[in-house]
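The values are calculated or read from the model by the stated rules, or taken from the named source; none is laboratory data. Given the structure is predicted, the values throughout are model-derived calculations rather than measurements. Cβ atoms come from the backbone with ideal geometry, glycine included; neighbour counts cover every protein chain shown.
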Amino acid sequence: MEHSPPPFFNRGPAPVVRVTFFAIVSIFLMVTDARFRYMEPLRQAISTVVYPVQRTALAPVEAGGRIGDYFQSIADLQQENEQLRAGKLKDAQDLLTLDALRAENTQLRGLLDARQRAKSEAIFAEIMYAGRDPFSRTVIIDKGTTQGVVRGQPVIDTGGVIGQVTRVQPLVSEVTLVTHKNHSVPVQVVRNGLRAVAFGLGDAESMELRFLPLNAPVEPGDEIVTSGIDGLYPPGLPVGKVARVDRESTQTFAKVLVAPAGGTGQYRQVLVLRPVGEAPPAPPVMEEPPPKKEPAKVKRQKLRQGQG
Amino acid sequence: MALEAPGQRILLPVNVGFMVLTVLLALGFDLLPWPALKGVPDMLALVICFWCIREPRKMGIGIPFLLGLVMDAANGVLMGQHALAYSVLAFLAISVSRRVLWFGLLAQSLQVLAILLTAQLVTLLVRMLVGGPFPGWNYFLGCFVGAALWPLLSVILLAPQRRPASVDETRPI
């Protein structure tokens, strides 16, 4: 105690000690988060606290956008109006027959005892910001559990599917884009109904149809839509267009690259759809070791049964 | 350079409210919807680095750690990843804080570049350990942009402390 500095020079623990302490805490947090996912409540709490900062940061951007909209020339608007009117006329014909077709479809499906295709409800949301993480392709949208978003909901924009809600927080939620490295969508080729699974590659512009044989009937330019067999994505939503097909005889499978249809990087307005069916349970994070004690228990039970 | 060499002018004591404000602004900057992240500097890291060099006792390592947790939660990445990177960043900045300020602004930004690169490398290592892919060399581009912004940031963040102590009514600022 005699050698300790007088109290008015006391600066607390040395920086090395402090950085070691905080590094150990961070590593502990990372391990806990990666292995056991115990950090969700902490994450939710922090995200709720940071929400005002996010909104404040976004305010100038939104104001700028609004001013830009205001000064958009009338000519542009008129042109867009004409295009919309033409499009509406073109759609009117289809729309008129749609009701009749829908009724007929319901009747036929009832006859076939098939599962009704649920008309999915949608929640309108805006992308607040893209995750600042080049390793994962995620965006944060401004709707959360308070608005009824649940995990697993598909998210679309005007072009097509952009991803799936993977983490919900009270006011915001996180959408994993279809181009994310570990994301996959069950799809179908429109032209011939060939089913496949589209995997994200981790970059912005491409997905891959894996495990298709070399002679699979896929051509560049084919439209790819969701097949809906996962019960999560409603069937028939555009996912992308085949960009390239490499058939090398040295490989077992054809390499089919798909350009996503949804603007995974461009747009800000998205729709969060309700999943068609129940979301399947998430796979366990780590494989648990196979139960080895099983035989012993069985034996004990047998013994007990023998005694009883 | 128009500015006098750092360390020769007696600055006013720092206003803690101003520190908090700049940190919050930097946090807001990082949470903006950037369309492409290539070369967008991590402004929060830069501001933390600045205050750790200027005010090592006020900033410390605990605040950067907490800010890192906030970044982790807001970005939906592994909890503790930014916290570790910012703690290391703060430690490096604090340990060079006595030396860096003797250099000119450009030489300072080179040293800051080394600190920012180290912190980015920590994040990269963590992600590769967890099993992420290598994101390409563009990943480090933001550090260079950040270091290039250092002289400008120094001038802006020090401006409140450069005001004269006794207010002169005839001066505009």
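What the table shows:
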{"item": "Among residues of the stretch A:157-169, those that are among the aliphatic types (A, V, I, L, M) and surrounded by fewer than 24 Cβ atoms within 10 Å (Cβ to Cβ), counted", "result": "1"}
{"item": "Candidate set: the stretch B:106-118, residues that are out of contact with any Phe, Trp or Tyr (no Cβ under 7 Å at 6 or more places or on another chain) and in contact (Cβ under 8 Å) with a residue 60 or more places away in the chain; chosen: the one farthest from the other protein chains (Cβ to nearest Cβ)", "result": "B:Leu116"}
{"item": "Selection status of B:Ala26, more than 7 Å from chain A (Cβ to nearest Cβ) and either within 22 Å of A:Leu42 (Cα to Cα) or at pLDDT 90 or above (or both)", "result": "yes"}
{"item": "The stretch B:83-105: number of residues that are at the interface with chain A (Cβ under 10 Å from one of its Cβ atoms) and without any contact (Cβ under 8 Å) to a residue 24 or more places away in the chain", "result": "2"}
{"item": "Residue list for the stretch A:170-188, filter: of a type in the set (S, T, N, Q) and buried (at least 24 other Cβ atoms within 10 Å of the Cβ)", "result": "A:Ser173, A:Thr179"}
{"item": "Matching residues, the stretch B:119-147, being in contact with a Pro (Cβ under 7 Å, 6 or more places away or on another chain) and either of a type in the set (Phe, Trp, Tyr) or in contact (Cβ under 8 Å) with a residue 24 or more places away in the chain (or both)", "result": "B:Tyr139, B:Gly142, B:Val145, B:Gly146"}
{"item": "Enumeration of residues in the stretch B:109-123 that are of a type in the set (S, T, N, Q) and over 13 Å from B:Ala90 (Cα atoms)", "result": "B:Ser109, B:Gln111, B:Thr123"}
{"item": "Verdict on B:Arg98 being over 18 Å from the mean Cα position of the chain (by Cα) and over 25 Å from B:Met71 (Cα atoms)", "result": "no"}
{"item": "Residue in the stretch A:14-25 that is surrounded by 12 or more Cβ atoms within 10 Å (Cβ to Cβ), outside any helix (DSSP H, G or I) and either touching a Leu at 6+ places or on another chain (Cβ under 8 Å) or not assigned by TED's automatic domain parsing to the domain that holds A:Thr145 (or both) present", "result": "no"}
{"item": "Enumeration of residues in the stretch A:8-24 that are in contact with a Phe, Trp or Tyr (Cβ under 7 Å, 6 or more places away or on another chain) and within 14 Å of B:Gly68 (Cβ to Cβ)", "result": "A:Val19, A:Phe22"}
{"item": "The stretch B:10-43: number of residues that are in contact (Cβ under 8 Å) with a residue 24 or more places away in the chain, outside any helix (DSSP H, G or I) and over 17 Å from B:Phe144 (Cβ atoms)", "result": "6"}
{"item": "Boolean, B:Ala83 is surrounded by 19 or more Cβ atoms within 10 Å (Cβ to Cβ), of a type in the set (A, V, I, L, M) and within 18 Å of A:Ala23 (Cβ to Cβ)", "result": "yes"}
{"item": "Residues that are at the interface with another protein chain (Cβ under 7 Å from one of its Cβ atoms) and touching a Gly at 6+ places or on another chain (Cβ under 8 Å), drawn from the stretch B:31-79", "result": "B:Pro35, B:Leu37, B:Leu69, B:Asn75, B:Gly76, B:Val77"}
{"item": "Residue tally, condition within 22 Å of A:Glu126 (Cβ to Cβ) and in a helix (DSSP H, G or I), over the stretch A:65-75", "result": "6"}
